[in-house]
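Data first, discussion second: the structure below is written as structure tokens.
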Amino acid sequence: MTLYPINAGNFKLDGGAMFGVVPKSIWNRTNPADANNMIDIASRCLLIEDGNRLILIDNGMGNKQSDKFFGYYHMWGNFSLDSSLKQYGFHRDDITDVFLTHLHFDHCGGSIQWNKDKTGYETAFKNAHFWTNENHWQWATQPNRREKASFLKENILPMEESGQLKFTALPEHDMLKNSALGFDIFFANGHTEKQMIPIIKYQDKTIAFMADLLPTVGHLPLPYVMGYDTRPLLTMDEKEKFLNMAADNNLYLFLEHDAHNEIITLQHTEKGVRLKNTFKTQDIFN
Ligand SMILES: [Zn+2]
């Protein structure tokens with residue numbers, strides 16, 4: 001198995017929204033805000049090459065939205081999904097599976113593109129299955145008023161219309177061992193219904209793709225929960241469980257959204273679970 005980080009484009013989000021009830025005087029130390037109160041955010045996706053399979057986990061916002069839409073997100077840096085794939089000798093048509101942690105636009109928007117004459121949409125990975133789970137699919141396709149602006153129909157429905165949609169099994173409790181993708185999956189319900197956190201065995205290491213369960217290093221303290229989370233008390237419980245497990249078992253946490261920390265390990269301290277080490281992906285993926 002070989003792993004590759006795929007940067008699908010950096011953007012910015014409102015620092016206050018990213019830290020919920022935490023005051024700016026505190027979060028600004030770990031995630032410094034610009035003049036508009038925006039903080040740096042990455043779309044660091046993960047490509048897994050495993051035998052005949054080429055699995056992409058999440059794929060950023062894509063590029064089909066309007067200039068007005070992108071105006072809210074202040075894209076920065078020179079990365080794109082295609083250039084990142086190309087860097088390792090891959091093309092999007094090589095991808096066999098697109099695994100989506102959840103269907104918020106900044107995680108799945110790259111799945112769908114305009115068709116040739118811009119009259120409609122088509123999937124952007126023509127040879128891939130798109131993986132979500134049945135509960136999250138229901139949640140995303142009949143969205144509540146709170147999350148409606150994050151579940152964009154055009155990002156979601158074409159996966160089903162193309163016949164490329166697949167559902168993973170659901171766990172009895174919160175951990176699905178040996179999913180159809182080969183890796184284990186931790187299911188978390190605090191951010192949204194049945195977000196999926198892949199846990200991948202790689203050489204002698206275990207790597208967890210943290211998605212929105214731990215967006216940045218600044219979110220390590222348990223009460224530092226995003227304002228976007230639909231069930232913040234549950235996020236605190238899920239983070240407590242997961243971060244303890246990560247510290248106990250020396251998990252390597254791959255951070256999708258942290259623009260400055262790619263992979264981290266954790267340790268127990270008097271204050272709770274905190275950062276132990278940070279790594280560049282190339283130090284771990286060799
Ligand atoms: Zn999300």
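The values are calculated or read from the model by the stated rules, or taken from the named source; none is laboratory data. Since we're looking at a predicted model, the values are computed, not measured. FYI the Cβ positions are ideal-geometry reconstructions off the backbone, even for glycines, and counts take in every protein chain you see. Accessible surface is based on the protein model in full, side chains and every heavy atom, while ligands, DNA and RNA are left aside. Shrake-Rupley method; radii C 1.70, N 1.55, O 1.52, S 1.80 Å.
Loop-located trypsin sites (Lys or Arg not before Pro) in the stretch 187-286 (DSSP state not H, G, I, E or B) with no more than 14 neighbouring Cβ atoms inside 10 Å: Lys271, Lys280. Pairs from the list Lys148/Lys241; Lys126/Lys239; Lys177/Lys239; Lys24/Lys280; Lys153/Lys276 with a Cα-Cα gap above 31 Å: Lys126/Lys239; Lys153/Lys276. The Cα center of the stretch 55-119 and the Cα center of the stretch 175-237 differ in position by 21 Å. Secondary-structure-derived ellipticity at 222 nm for the chain, considering helices only, amounts to -6000 deg cm²/dmol, per-run term -39500 (n - 2.57) for DSSP H runs with n ≥ 4. The convex hull around the C-alpha trace of the stretch 129-230, projected and averaged over every direction, spans 7.8 square nanometres.
Averaging 1/r across all pairs of distinct Cα atoms in the stretch 218-257 and inverting the result yields a Kirkwood radius of 10.9 Å.
Leu251 exposes around 10 Å² of accessible area when a 1.4 Å probe is run over every protein chain in place.
Taking every DSSP bridge with both residues inside the chain, close to 75 percent are antiparallel.
How many percent of Cα pairs in the chain exceed 32 Å? In whole percent, the long-distance tail amounts to 18. If you take all other residues with their beta carbon under 12 Å from the beta carbon of Glu161, and give Lys and Arg +1 and Asp and Glu -1, the sum is -2. Sort out the exposed loop GluC sites (Glu not before Pro) in the chain (DSSP loop, at most 16 other Cβ within 10 Å) and tell me the longest stretch that has none. My reading of the result: 1-171 is the longest stretch.
Shown here is the pair-distance distribution of the stretch 102-164: with all Cα-Cα distances grouped in 10 Å bins from zero up to the longest one, the shares run 22, 56, 21, 1 percent. Calculate how many DSSP beta bridges within the stretch 32-134 are antiparallel, expressed in % of all such bridges and rounded to the nearest 5. Around 55 percent antiparallel, to the nearest 5.
The accessible-area ordering, largest first, of the residues Arg145, Arg29, Arg44 stands as Arg145, Arg29, Arg44, per a 1.4 angstrom probe. Legend: P(r) of the stretch 86-126 from all alpha carbon pair distances, 5 Å bins from 0, whole percents, reading 5, 19, 23, 25, 19, 7, 1.
Computed over the stretch 1-149, the percent of Cα pairs more than 18 Å apart is 63.
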